[in-house]
Structure formats: C-alpha cells, structure tokens
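Below: the structure, in structure tokens.
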Amino acid sequence: MSTFQAPKGTYDLTPPRSAKFLAVREAISAPLRDSGYGYIETPGFENVELFARGVGESTDIVTKEMYTLTTKGGDQLALRPEGTASVLRAALEANLHKLGNLPVKLWYSGSYYRYERPQAGRYRHFSQVGAEAIGTEDPALDAELIILADQAYRSLGLRQFRILLNSLGDKECRPVYREALQTFLRDLDLDEETRRRIEINPLRVLDDKRADVQKQLTDAPKLRDYLCDACKAYHEEVRALLTAAGVAFEDDEKLVRGLDYYTRTTFEFVHDGLGSQSAVGGGGRYDGLSEMIGGPELPSVGWALGVDRTVLALEAEGVELDLPATTSVYAVPLGDEARRALFAVVTELRRAGIAADFAFGGRGLKGAMKSANRSGARYTLVAGERDLAEGVVQLKDMESGEQTAVPLAEAAAELAKRLG
Ligand code: HAM
C-alpha cells in the first residue's frame with residue numbers, strides 16, 4: 001500500500017523549521033498584545049453567507065476559492081478564507097461593541113483555506129496572524145496598526161519589505177469614481193471576462209497584470225482626483241502620523257485589495273524576495289462591513305500578515321532567527337538503576353522550570369551523546385553503575401567540555417544554580 005501525502009497545496013510543519021513559524025507568530029502578536037489587543041479565536045468554518053456578504057459576491061475568494069460544504073443537517077458552511085468577517089461576527093454576537101470601550105481591539109492567529117492554484121508562497125491551507133480594531137474612526141488607529149506591523153517585521157530582522165498605501169474613498173466619493181471608471185473602461189478593447197468585471201468590480205480591472213491591459217489604463221481616471229474632502233483629510237492624517245513615526249511607505253494608487261469590504265485606508269506589505277506572491281500582509285479600513293453583515297454602523301480597521309510568506313521572506317533575506325535551544329539539560333543514563341535515578345532528576349528539573357530531556361530507550365553512550373549534542377543542551381548529566389555506587393552523576397558542560405562529579409542529590413540544585 002502506498003503511503004499518504006499531504007493534500008495538494010498544503011504542507012506539514014515539522015521540526016526544526018516549525019520553530020520559525022512559532023517565532024513568527026510570537027513576533028507578530030507581541031506588539032499587538034502590548035498595545036491593548038485582546039486574543040480572539042473563532043471557528044474554522046462559518047455559514048457561507050457570512051463570507052458571501054462580507055468578503056463580497058464579486059471577489060475571487062467567494063466565487064472561486066471557498067471550500068464550501070453542506071452538513072448532514074443541511075447547513076451551508078465554508079472553511080474560513082479569511083479572518084475579518086468572522087472576527088466582526090463574533091464581536092457583534094458577544095456584544096463587545098456595547099461594553100462602552102471602543103475601539104474593540106482584537107488579535108488572532110490561525111489557519112485559513114482558499115482553493116487557489118498552488119505555487120511557491122500560495123497554498124490552499126495557510127496561516128495568518130491578524131488584528132482588528134472595531135468601532136472607531138480615527139486616523140491614529142489606522143496608523144497604529146501599520147506601525148505595529150512594521151515593528152513586528154523589524155523585530156524579526158526583516159528589512160526588504162515595503163509598505164504600499166492607498167485610500168479607496170468612502171460611500172460618498174467611491175460610487176462617483178466607480179461610475180467614471182466604468183465609463184472609461186467600457187470603451188477599451190478587453191476580453192469578455194474583463195468586460196464582466198467592469199460591471200461587477202471595476203476597480204479590480206486596474207489590478208490586471210497583463211501588459212496589453214495596463215497599456216490601455218494609462219489615462220484611466222484616478223481615484224485620488226475623486227476623493228471627497230473628508231477622505232482626503234483622513235488620508236493625509238494617516239500619512240502624517242506614519243511619517244512622524246518614521247515608518248516609510250509608498251503611495252500606490254493601483255493598490256486595490258482582493259476583498260470588497262475596504263473603504264478609505266488600504267495597505268499592503270510586500271517583500272521583494274518572494275517573486276509573484278510578494279504580498280506578505282495586507283489590510284485596511286472597512287467602515288461598512290458591520291452593516292453588510294447585519295450589525296450597526298461600526299467603522300473599523302485591521303490587517304492580517306501571512307505567516308507562511310513571512311517565513312519565506314525571512315529565508316529569502318537569509319535572516320537567521322535567534323532561536324534559543326529548547327533543552328538546557330540532557331540526561332544520559334547507563335543502565336536500569338541510572339535510568340530511574342536520572343529520570344527522577346529530569347522530573348525535578350522540569351518542575352523547577354528547567355527545560356530537560358532524557359535519552360529514552362536504553363541507548364548506548366555514543367548514540368545518546370549524539371542526541372545530547374543535537375538537542376543543543378548546555379549541560380548533560382551522565383550516570384552509570386559506578387557513579388551511582390559513589391552517589392554521584394557526571395555533569396558535563398557542553399560548551400567548555402569540562403566534566404565534574406556532582407552528588408546525585410544535589411544535581412538539580414547545582415544545575416539550577418549554573419543556569420541562573
Ligand atoms: P489578504 O490580503 O487576503 O487579507 O491576506 C493577508 C495575507 O495572508 C496575505 O498578504 C498573504 O501573506 C496571506 N495569504 C493570503 N492567501 C494566501 C495563500 N493562498 N497562501 C499563503 N498565504 C496567503 C485578508 O485576509 C484580510 N482579512 C486582511 C484584513 C484584516 N483586512 C482587514 N482586516
């Protein structure tokens with residue numbers, strides 16, 4: 001019988017590389033936790049309607065990429081393709097917005113599913129860490145989120161990323177622009193599918209990667225010229241706050257995100273070492289989403305950073321994360337009596353909060369010492385029958401190579417002292 005493989009477009013995280021993913025999740029969430037964001041977790045699936053209404057009926061995500069299923073009970077569900085609609089749904093359901101403490105600031109970390117054509121950096125199962133600030137319209141909130149993402153990436157040692165920034169206008173000015181753009185696009189020489197897109201989601205046409213399309217778009221009306229005064233002032237304030245914080249960004253008029261809920265501020269973090277899947281993260285303001293899914297008016301802003309692509313970006317830049325060895329002490333028993341004695345020491349160390357591991361399976365000295373080396377432990381404890389007869393264990397400093405006999409009863413205390 002042939003063995004099973006991970007489904008197409010997915011991959012497993014295994015040690016040692018998996019440690020990088022944990023470190024990335026930790027680094028992205030740390031600035032959020034320090035800035036008043038509380039942790040939220042929602043189910044891996046939702047009613048399909050939530051995403052259809054929230055993310056948008058005209059998006060690729062909803063029309064082509066959702067994993068949908070009908071349960072035996074007849075419920076129409078979808079594996080979550082993104083986090084924002086779910087988090088807002090959960091916040092509304094728990095009435096977090098009514099506790100009198102706006103914005104409701106939440107962060108999350110989890111798996112998301114999109115039925116996309118797999119390629120390097122694009123998977124059908126991927127992982128995001130995200131943040132949403134719900135219920136407040138304030139340019140400082142938009143700036144805060146961008147600054148925190150920048151801080152997270154810098155703390156990881158990433159340098160070759162850029163921040164693209166745009167404003168998509170609001171419900172006053174965007175419809176006017178949309179119509180002007182449609183009028184312009186309808187006169188161009190475009191294929192059938194693109195013509196359909198003009199009617200459903202004309203801004204997406206600006207995002208078309210094909211050169212012959214881009215050539216025709218040179219004189220397309222620009223959203224910037226249509227922004228109302230309120231949107232303009234809002235955007236200028238976001239830009240000024242970022243500049244004051246020393247966060248560099250590039251104005252990118254062509255930045256149209258692949259989800260329909262955005263208004264005003266939109267941004268993307270791109271990394272130049274990743275080829276075509278260069279967006280490591282993205283987000284923006286979504287002032288109308290709450291009403292779209294049946295809630296009250298709650299202007300909000302958020303982002304999600306892709307963990308998979310962030311790890312790829314680190315690898316592309318050759319950044320070695322400073323991952324401390326997870327094991328401090330490795331115990332190598334030689335014989336049954338030593339096994340009992342050292343197992344007890346390991347248990348004592350662990351209870352004292354010292355990371356310790358043990359050579360299981362009665363292995364010989366050579367093999368066990370190899371494992372000790374591989375574990376990265378600073379100290380090994382070795383004991384055989386003769387040591388135990390003398391009431392000692394051999395404590396070896398793996399850095400200096402120096403070995404000393406320590407009374408068995410004092411081994412844990414001695415290690416605790418040496419490890420500070
Ligand atoms: P998004 O731009 O669709 O936004 O996804 C955010 C990030 O998730 C991307 O920049 C990318 O790093 C990662 N990602 C997306 N799809 C894939 C994939 N197929 N394979 C690997 N990584 C992927 C959102 O999801 C919005 N919910 C962000 C947001 C939060 N907006 C407001 N609040």
R0 of 35 Å, Cβ-Cβ distance Glu348-Asn95: FRET efficiency to nearest 0.05: 0.15
The stretch 1-59 - Rg (one decimal) and Dmax (whole number), Cα, Å: 17.5, 53
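Which chymotrypsin sites (Phe, Trp or Tyr not before Pro) from the stretch 150-231 combine a DSSP loop assignment with at most 12 other Cβ atoms within 10 Å?
Answer by residue number: there is no such site.
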Placed amide H near Phe45: partners under 5 Å, 5+ positions off or other chain: Arg80
Rounded Å value of the spacing that divides the Cα centres of the stretch 354-420 and the stretch 158-175: 57 Å
R0 of 45 Å, Cβ-Cβ distance Glu253-Arg33: FRET efficiency to nearest 0.05: 0.85
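Please list the equivalent ellipsoid semi-axes of the chain, computed as the square roots of five times the alpha-carbon gyration tensor eigenvalues, in descending order and whole angstrom.
Numbers: eigenvalues 558, 104, 90 Å².
Equivalent ellipsoid semi-axes, largest first: 53, 23, 21 Å.
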Estimated inter-spin distance, Ser276 and Thr70, nm [label 7 Å along Cα→Cβ]: 3.5 nm
Ala331 long-range amide H proximity, modeled H, under 5 Å: Asp357, Phe358, Ala359, Leu381
Sparse-neighbourhood loop sites, GluC sites (Glu not before Pro) in the stretch 389-420 - DSSP loop, at most 14 other Cβ within 10 angstrom: Glu390, Glu399, Glu402
Signed unit charges on C-beta, dipole axis of the chain, positive-most listed residue Gly384, Tyr234, Pro299: Gly384
Quarter of Cα convex hull surface for the stretch 329-418, i.e. mean projection, nm²: 5.0 nm²
Which of Ser400, Leu217, Ser290, positive extreme of dipole for the chain (C-beta unit charges): Ser400
Dipole moment magnitude, nearest 20 debye, the stretch 81-204 about Cα centre, only Lys, Arg, Asp, Glu C-beta charged: 460 debye
Residue exposure sequence - Asp207, Asp150, Asp251 - by fewest surrounding Cβ within 10 Å: Asp251, Asp207, Asp150
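Are there GluC sites (Glu not before Pro) in the stretch 165-198 that DSSP puts in a loop and that have at most 13 other Cβ atoms within 10 Å, and which ones? Let's see the in-between values first.
Details: sites: Glu172, Glu179, Glu192, Glu193; in loops: Glu172.
Answer by residue number: Glu172.
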Inter-label distance for Glu57 and Thr218, nm, one decimal - labels placed 7 Å from Cα along Cα-to-Cβ: 3.8 nm
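About the Cα centre of the stretch 329-418, how large is the charge dipole given +1 on each Lys and Arg Cβ and -1 on each Asp and Glu Cβ? Please answer in debye to the nearest 20. List each step's numbers first, then the result.
Numbers: 13 positive and 12 negative charges, 80 e Å.
The dipole magnitude comes to about 380 debye.
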All lysines inside 22 Å of Lys215 as judged from Cα atoms, apart from same-chain residues fewer than 8 positions distant: Lys254
About the Cα centre, charge dipole magnitude for the chain (Lys/Arg +1, Asp/Glu -1 at Cβ), debye: 1200 debye
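Every number in this text was worked out from the coordinates using simple rules, so none of it is lab data. Every value quoted in this text rests on a predicted model; they were computed, and no experiment measured them. Please note: Cβ atoms are built from the backbone with ideal geometry, for glycine as well, and neighbour counts cover all protein chains shown.
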